[in-house]
Amino acid sequence: MRFIFLIILFPFLARPQAPHIFYAMDSITKQIAYRQYYTENDLFAVDSMYVHARDLNKGNLPETFLSICFAVIPYNKVPIKVPIIHTILVFPLISSADSIFKLKNKRLPSHLFFDTPKEGDNDKNAHFFGSAFISYSSNIFDLGDVIGYFVEVFEESFEVQNQVDPRDMEANSLGQIFGRVIKTHKNVMPSQVMILKTLYHIRMNL
């Protein structure tokens, strides 16, 4: 899964706080690479990652979500095949040094849901926190659903992936919920929202 929604988020980096976001992203990447979580449970590892990012950003939640989003993306460049002209464009993404980046990718929290495949769900971290950022930062109306769907259609049209992935959309939806809930319940943790998918599955199969 490639993350074209960073093109959407990129304007937020053109602010005075951008160097701080880069610093926070690098620190979060190193935390993941060296598994500095004090837990082997991947959901709790996501919580640990979130708390670390929140502390780095001094409680600023938009910057917390944004720095995590960039830290957990398992790609440092995105090839896009543009339709009609059939040209491949490669977009570089901000990331830590290659050795840290590769180690981080091996150690990303990946067992996040009851239906996580064998290869893991490490890409869902970025969907979750990217959507949380968009949802939390949407002051007029919630852009999460609109942008989440736009991203999937964009990727399908530009041949970044073959088709819209419903599991990516589920991760987007959970991120949107987190972004909305945390506006009024500041102590909620990502795992408490991520587990809703499992709880819903259990409820529907009782």
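Being without any contact (Cβ under 8 Å) to a residue 40 or more places away in the chain and among the hydrophobic types (A, V, I, L, M, F, W, C) is the filter here; which residues of the stretch 92-126 pass it?
97
Can you name every residue in the stretch 60-76 that is more than 13 Å from the chain's Cα centre (by Cα), farther than 13 Å from residue 20 by Cβ and in a loop (DSSP other than H, G, I, E, B)?
76
I want to confirm something. Restricting to the stretch 103-126 and keeping residues that are assigned to a loop (DSSP other than H, G, I, E, B) and among the hydrophobic types (A, V, I, L, M, F, W, C), which single residue is farthest from residue 67 (Cα to Cα)?
In this case the residue turns out to be 114.
Considering 48, 95, which residue is modelled with pLDDT of 85 or more and of a type in the set (Gly, Ala, Ser)?
On the way: 95 fails: modelled with pLDDT of 85 or more.
Criteria check complete, one pass: 48.
For (1) within 14 Å of residue 136 (Cα to Cα); (2) modelled with pLDDT under 95; (3) charged (D, E, K, R); (4) loosely packed, with under 14 Cβ neighbours inside 10 Å, each residue gets a yes or a no:
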| position | (1), (2), (3), (4) |
| --- | --- |
| 159 | no, yes, yes, no |
| 163 | no, yes, no, yes |
| 169 | no, yes, no, no |
| 198 | no, yes, no, no |
| 205 | no, yes, no, yes |
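Looking at the stretch 77-102 only, could you name the residues that are in a loop (DSSP other than H, G, I, E, B) and either at negative phi or hydrophobic (A, V, I, L, M, F, W, C) (or both)?
Within the stretch 77-102, 83, 84, 85, 93, 94, 95, 96, 97 qualify.
Under 8 Å between Cβ atoms, at least 6 apart or on separate chains: pull out the pairs that start in the stretch 69-84 with a residue that is surrounded by 14 or more Cβ atoms within 10 Å (Cβ to Cβ) and end on any residue that is modelled with pLDDT under 85 and part of a strand (DSSP E or B).
76/92; 78/90; 78/91; 80/88; 80/89; 80/90; 80/91
The values are calculated or read from the model by the stated rules, or taken from the named source; none is laboratory data. Treat the numbers as computed from the prediction; the structure is a model and nothing was measured. Methodologically, a virtual Cβ is constructed for each residue, glycine included, from the backbone with ideal geometry; neighbour enumeration extends over all protein chains shown.
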